[in-house]
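Some notes on the structure that comes next.
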Amino acid sequence: MSPAAPGRDGRGLSGVERLRRALARARYFVREFSGEAAYDRYVAHARAHDPDAAVPTRRAFERARTDAREADPRDGFRCC
């Protein structure tokens, strides 16, 4: 009898592989929740639409993103 082929349900995977997948999922959700993935999506979008366009550094992107968030009165009051 052959072992089950690895599938989405995790059957047939070793403990190490299941741990690796779980950590990859956790990393994905932490990056999405924290907003860290936003820069990667922005760069991919910018490169797809204009490969020669100048893309800001991560620092400049985050600064512009923070400034836009703080300038929008609909987001509520930010005390500090």
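Any read-out appearing in this document is the output of simple, stated calculations on the displayed coordinates, not a laboratory observation. All of these numbers come straight from a predicted model, not from anything done at the bench. We place every Cβ from the backbone using ideal geometry, glycine too, and count neighbours over all the protein chains shown.
For the pair R31 and R63, how long in nm is the line joining their label points, each one 7 Å along Cα→Cβ?
2.5 nm
Compute the FRET efficiency between S14 and D40 as 1/(1 + (r/R0)^6), taking r as their Cβ-Cβ distance and R0 = 30 Å, and round to the nearest 0.05.
Efficiency at R0 = 30 Å is approximately 0.55.
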